[in-house]
1. Distance in nm between label sites at R20 and A32, each 7 Å beyond Cα in the beta-carbon direction?
2. If I build a Gaussian network model for the chain, linking alpha-carbon pairs within less than 10 angstrom, which residue out of P65, P43, P56 has the largest mean-square fluctuation?
3. What GluC sites (Glu not before Pro) in the chain are in a loop by DSSP, with at most 11 other Cβ atoms within 10 Å of the Cβ?
4. Please report, largest first and rounded to whole Å, the three semi-axes of the ellipsoid equivalent to the chain, where each semi-axis is the square root of five times an eigenvalue of the C-alpha gyration tensor.
Amino acid sequence: MPNLSVRRLDNETYERLRRRAENQGVSMEEEARRILKRAVAAPERLSDLARELFGPTHGVTLELPPREPHEPIRFDP
């Protein structure tokens, strides 16, 4: 099985990972594996992928032009 070493990890990130692993009752190595696995996994639903790619932090906000009220469409013969 492949191995991965992470160098130059800042102290804050290290401590947050340590606390997270402790809260989950697993080793830091296991918690890192879980995080990486979730990060690179394919989304379960297409909508999850769309939200990730085009969510509120992506794209632009468009202003719609004002709309004038109109008479309802009649379907009488």
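1. Rounded to a tenth, the inter-label distance reads 1.2 nm.
2. For the chain, modelled as a Gaussian network with Cα springs under 10 Å, the answer is P65.
3. On the way: sites: E12, E15, E22, E29, E30, E31, E44, E52, E63; in loops: E44, E63.
Answer in residue order: E44, E63.
4. Values: eigenvalues 507, 55, 31 Å².
Computed over the chain, the values are 50, 17, 13 Å.
Just so you know, all these numbers are worked out from the coordinates, no wet-lab data involved. If you're wondering where the values come from, they're calculated on a predicted model, not measured in any experiment. Every residue, glycine among them, receives a Cβ derived from its backbone with ideal geometry; neighbour counts consider all protein chains shown.
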